[in-house]
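Presented below is the structure to which this report refers.
The values are calculated or read from the model by the stated rules, or taken from the named source; none is laboratory data. From a predicted model like this one, the values you see are computed outputs, not experimental measurements. Here the Cβ positions follow ideal geometry from the backbone for every residue, glycine too, while neighbour counts run over all protein chains shown.
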Amino acid sequence: MQSQITAEAVSVDPRLLLMSGDVAGRPSPPPFERLPARQKRRLLCIPGGRRPRWNGQAGVPRASAIEITKLTVPRVVESGLEGPFDLDCQYRCNESDSKLVVKWFFNGEPQPFYQWIAEMQKPVVAERYEQSLDMDRSHAPGGADACNTHTWQLRLVKPTIDMSGKYRCEVLTLDDQDSAEASMMVFAPPSTFHFNYTKSSSDRATLLCEVDGAFPMPHLKMYRLLVDSEDDQAELVNVQLTTERKEGYYRAVMTSEVMDNALPQDEATVFLCSYSFKEIKYQRLKRLTYMPARLGPEEKQSGGSVNLGCGVRARLSLPFPDVREHRPSNLGPQKRREERVLRNSTPTS
């Protein structure tokens, strides 16, 4: 009488839980997705950083037919620039592989926006991407000879802000598949950047800094340069910030009220307004020179003129805002490319 093998009586290598189907008479293990979180973490610690692939014999790893070795995606690009900006998907496969397919997905969408099937030669592109891809340049360098190509390249032209997100390359054959993803940020500097003040009474003024037409959301700050120092500055904390988004772009307005009696009376005070993006290294600022002055109510100063009421504007020989734009840092990572080198996924025995 043959003894029955139960799941409790068998010591199973944890890696075998990733297999599907019966092996050597053992009951089928549960799918990876249904395993407890603790056991998932153990399995994902297998050398190589990916789920291992196995052949039909228990405990024997299968030679990887498809493996993406490197995915290169531009980390940051500016909206509307000509580029070129290339997305490269490098892979390794066997000469015996057939029915090779390369797909590109965006932000986890179920359908690829780009698909190339080796037997069909001509790729299929989603309609909304047709104007954003240079089809003459998007190809597999060296020709479209299935696995002899080893690299698939997409060339973006004039990227827009709605193309910010995660890009996933998937390479598959009849027997195997692999995928990798990386993120790209398409940013837009603001079309409007203003910094001025309004004199609401003789003893106070309201600073106003406005940024419009930016993506992603800009972060505004106001500073006051300290006396006898060009480098030291104090951030204003008594500020009000409002933001709104229209057609994908952001508008941000920051205001702060300053009291004349809190400022030096015999010299001008310099205020700064800066905007930046958390996601990228990009910053711009403007400076404004303010001198306490006894002006009428609701008189707004900008560019050395004052509204005297009744539609009359006049030039006055008084110290008015000196607004200048400074560019302390350029777009360093505009063409910086994020590379993810993926190690061999075959586990060592």
| field | Answer residue from region 97-137, given it is of a type in the set (D, E, K, R) and in contact (Cβ under 8 Å) with a residue 40 or more places away in the chain and is farthest from Pro159 (Cα to Cα) among those | value | Asp97
| request: Would you please list the contacts, defined by Cβ atoms under 8 Å and residues six or more apart or on different chains, that run from a residue in region 147-166 that is on the phi < 0 side of the Ramachandran plot to a residue that is aliphatic (A, V, I, L, M) and modelled with pLDDT under 80? | output: Thr149/Ala140; Thr151/Ala140; Trp152/Ala140; Gln153/Ala140
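Among the strands (runs of 3 or more DSSP E) confined wholly to region 227-293, which include 1 or more residues that are at pLDDT 95 or above, within 20 Å of the chain's Cα centre (by Cα) and among the hydroxyl-bearing types (Ser, Thr, Tyr)?
249-259, 269-276
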| query | Would you pick out the residues in region 195-207 that are more than 17 Å from Ala262 (Cβ to Cβ) and surrounded by fewer than 19 Cβ atoms within 10 Å (Cβ to Cβ)? | reply | Thr198
| field | region 208-220 residues that are assigned by the TED database to the domain that holds Tyr249 and surrounded by fewer than 21 Cβ atoms within 10 Å (Cβ to Cβ), paired with ones that are part of a strand (DSSP E or B) and among the basic types (Lys, Arg) (beta carbon under 6 Å, 6 or more apart) | value | Asp212/Arg251
| field | Residue list for region 104-163, restricted to those being within 25 Å of Arg92 (Cα to Cα), of a type in the set (S, T, N, Q) and modelled with pLDDT under 85 | value | Gln121, Ser138, Asn148, Thr149, Thr151, Gln153
